[in-house]
1. What nm distance separates the two modelled labels at residue 356 and residue 85, each placed 7 Å from Cα along Cα→Cβ?
2. Which order results if 298, 11 are arranged by neighbouring Cβ count within 10 Å, fewest first?
3. Ignoring the sites themselves, what is the longest stretch of the chain with no GluC sites (Glu not before Pro) in a DSSP loop and at most 15 other beta-carbon atoms within 10 Å?
4. Could you derive backbone 3J(HN,Hα) for the stretch 146-158 from the dihedral phi with the Karplus parameters 6.51, -1.76 and 1.60 (θ = phi - 60°), listing whole Hz in sequence and x where the residue is Gly or Pro?
5. Test of the criteria: in the stretch 332-362, which trypsin sites (Lys or Arg not before Pro) are in a DSSP loop and have at most 16 other Cβ atoms within 10 angstrom of their Cβ?
6. Once R0 is set to 45 Å, what does the formula 1/(1 + (r/R0)^6) return for the Cβ-Cβ distance between residue 40 and residue 269, expressed as a FRET efficiency to the nearest 0.05?
7. Name the long-range amide H neighbours of residue 127: under 5 Å, sequence gap of 5 or more, or other chain; modelled H, no Pro or chain starts.
8. Hey, in the GNM for the chain with a 10 angstrom Cα cutoff, which one of 222, 163, 121 fluctuates hardest?
Amino acid sequence: MLYGEFGVTLCDEKRATPGYTLFSPLWQSVSYLINMQGEVVHQWNWKGRANAYGQLLPEGNLLWGEADYADRKNDVKTGIRRVDWEGNILWSYFDPTQHHDFRRLKNGNFIYIGLEELPTDAANRVQGGLPGSELEGGKIESDYFREVTPEGKIVWEWHTHIDLDIKKYVVCPLCPRGDYLHVNAIAETKEGGIMISCRHVNLIAVIDKATNKFKWEYQNLDFGHQHDFHQLENGNYMIFANGAHTTRSNALGGSQVIEIDPENKEHVWTYKGSPPHTFNSRHISGAQRLSSGNTLICEGISGRIFEVTPEGDVVWNFVSPYFSSPDLKGPAGNQNMVFRALRYDAGSSEIGGRLNPNPYKI
C-alpha cells in the first residue's frame with residue numbers, strides 16, 4: 001500500500017470505545033500509550049528492541065517482550081520483563097529461544113513460547129512443507145512452552161517432540177520445513193487450559209496441562225496462518241485469520257477476524273474488509289474485543305490499528321507514524337509494523353487513574 005495520512009484519521013466519538021491504546025512498534029525501543037486523538041500520553045523507553053509487544057497487567061505494570069542487541073558479539077538475548085509505570089525493572093526472565101507471545105497466568109506464574117531443535121527421529125516424522133527448506137544440515141526446529149514462577153523456577157513444560165503426534169499435523173506446502181509449528185500465540189482459558197496458535201499447520205488448540213494433550217483443536221486451511229488465538233469474556237474464541245496460502249488467496253482474499261463458538265466451531269462473527277482486499281495483513285496482527293462490544297484490530301504489516309462495530313463499521317482508525325531505522329537489515333528496516341495492540345478503559349485498573357479520565361484530552 002502507499003502510505004497517506006498517519007496518526008488518527010477517523011474518530012467517531014459517539015460510537016468509538018473511549019480508552020488508551022498500547023502498542024510497541026516492532027524492532028524499536030519504545031512502547032506507546034496513545035489517547036483517542038492519537039496523542040502520546042505515556043511511553044516506556046528501552047535499551048533493547050521489541051521482539052513482539054507489551055501488555056499492561058491489572059496493577060498497571062507492563063509486561064514486555066524484548067530482544068537485547070546491546071552486545072552483537074554474542075547471540076541476541078530475548079525474553080520478557082515486568083516493569084512499573086516509570087520503567088523500573090521489577091522482574092526479568094531471559095531465554096535466548098523465547099519468541100512471539102508470553103502471558104502472566106492466573107496463578108501468578110508466567111508462560112512463554114520457546115524454540116528448540118527436534119531430535120532426528122522427531123524431525124523425520126515432519127510431513128509437508130517446501131522440499132529442501134530445512135535448516136542447515138537438514139535440521140528442523142519446533143516450539144516448546146514453559147511455565148516459570150516469579151522466582152524463575154520451571155514448573156511445567158510442553159515439547160513438540162514429546163507431546164505431539166507430529167505426523168498428524170502437516171506443514172503447509174508453501175511454508176518452510178525448518179520451522180515446523182511456528183507457534184505465534186499462547187494464552188490461558190478461564191478453565192486453565194493453554195491456548196496455542198500453530199501458524200505453519202493452520203491449527204489452533206487448547207492443551208490440558210494435566211496430560212499435555214489437546215482437549216480442543218481446530219485445523220482450517222482457510223485461516224491462512226492465523227495469529228492471536230485467545231478467549232473472549234463470553235467464552236468464545238477469537239483469531240486473526242491472516243489469509244495467506246488459502247483457497248481464497250486471490251486478489252479479493254484479504255484477512256479476517258473470526259469469533260468461534262468452541263462447542264460447535266461455528267464462526268459466530270467475522271470481520272473482513274469491504275472490499276475484502278482492503279483489509280490484508282499476511283503475518284503478525286491481532287484483535288481485541290472491547291467493553292462496548294466493538295473490536296480493536298491491529299493490521300500489523302501496515303501499522304494500522306482500527307476499531308469496528310459488531311456490524312463492521314470502522315469508527316476509529318490510526319496508522320503508526322513510527323518507522324524503524326532503515327539501517328536495520330532485512331524486513332526489520334524502515335517499516336512501521338505493529339505485532340499487536342491493546343486498548344484499556346480510562347477507568348481500568350491497568351490505567352489506575354494515572355491518566356486523564358477523558359481519553360480525548362492530554
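1. Between residue 356 and residue 85, the label points sit 1.7 nm apart.
2. So the residues, fewest neighbours to most, are 11, 298.
3. Of all site-free stretches, the longest is 87-150.
4. Using θ = phi - 60°, the values come out as 9, 9, 10, 7, x, 8, x, 7, 7, 10, 7, 9, 9 Hz.
5. 354, 361
6. 0.90
7. Long-range HN contacts for residue 127: 171.
8. 121
FYI, it's all coordinate maths here, none of it is from the lab. These numbers come from a predicted model, not from an experiment. Glycine gets a Cβ as well: all are built from the backbone with ideal geometry, and neighbour counts include every protein chain shown.
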